[in-house]
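The values are calculated or read from the model by the stated rules, or taken from the named source; none is laboratory data. Every value quoted in this text rests on a predicted model; they were computed, and no experiment measured them. Neighbour counts are summed over all protein chains in view; Cβ atoms, including those assigned to glycine, are modelled from backbone coordinates with ideal geometry.
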Amino acid sequence: MKELSGKQGQILEFLRGFIDEHDYPPSIRDIQDGCGISSTSVVDYNLRKLEEKGFIRRDREVSRGIEILGARGRRPRIIEIPLLGSIAAGQPIPVPTSDRWSSDSDEMVAVTEDMVRGKHNVFALRVKGKSMIEDLIDDGDIVFLEPARAAQDGDRVAVWLKDRGEVTLKRWYHEGSRVRLQPANSTMEPIYTDADNVEVQGRFISSIRPSD
């Protein structure tokens, strides 16, 4: 840390702690609040200094595009994930791409490879609703999922409700001939449906909260 000022060292430690806890980088506002810094311009100045000194890399085209450089300056690999539409974390809503999860996407989300934990064929969906808030998945967040056709009890999955023609994100529990789709919000009721009416489409990997 000899090359860093006190504030730069504080920000770097905050970055490491935040990424360890959340699996995604903080926003400028997160850093300002977490480090008790007076303004976002001061945060930006010190991030520039950290980048100049080789401790981090910033991609200004990417939301929360801050990377901590690894050993000997090795940079984490950036990959692009297709954003296929929206998914309900609340009452199920129609999702245009729900019957074509592998379809081409006009919008991509750039993240570090660590964010998807080495998984392949990952896709992203934007969350609508607050039923998964106790799992730290809020309205407007982007969730990353791997294609899946089956789930274990307790898994967070994107499921297709055939009778409604809708998709929702919930925790999965198989109960005899029916399935319970459990929200992570103590104020909301679960969805019960026949097992043959529900189809698992993707398993949750991680999520990010786009910066304002």
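Listed by first and then second residue, the pairs linking a residue in segment 135-148 that is within 16 Å of V116 (Cα to Cα) to a residue that is in a strand (DSSP E or B) and among the basic types (K, R), with Cβ atoms under 7 Å apart and 6 or more places separating them unless they lie on different chains, are I142/R126; L145/R203; E146/R203; A148/R203. In segment 166-187, of all residues being more than 22 Å from the chain's Cα centre (by Cα) and within 23 Å of I137 (Cα to Cα), the one that is surrounded by the fewest Cβ atoms within 10 Å (Cβ to Cβ) corresponds to T187.
Of the numbered criteria (1) at pLDDT 70 or above; (2) under 21 Å from I191 (Cβ atoms), the one M115 fails is (2).
For G17, the test of being modelled with pLDDT of 85 or more and either more than 17 Å from E113 (Cβ to Cβ) or outside the structural domain of L136 (by TED's automatic domain parsing) (or both) is passed.
Across segment 10-47, the number of residues qualifying as in contact (Cβ under 8 Å) with a residue 40 or more places away in the chain and loosely packed, with under 13 Cβ neighbours inside 10 Å comes to 2.
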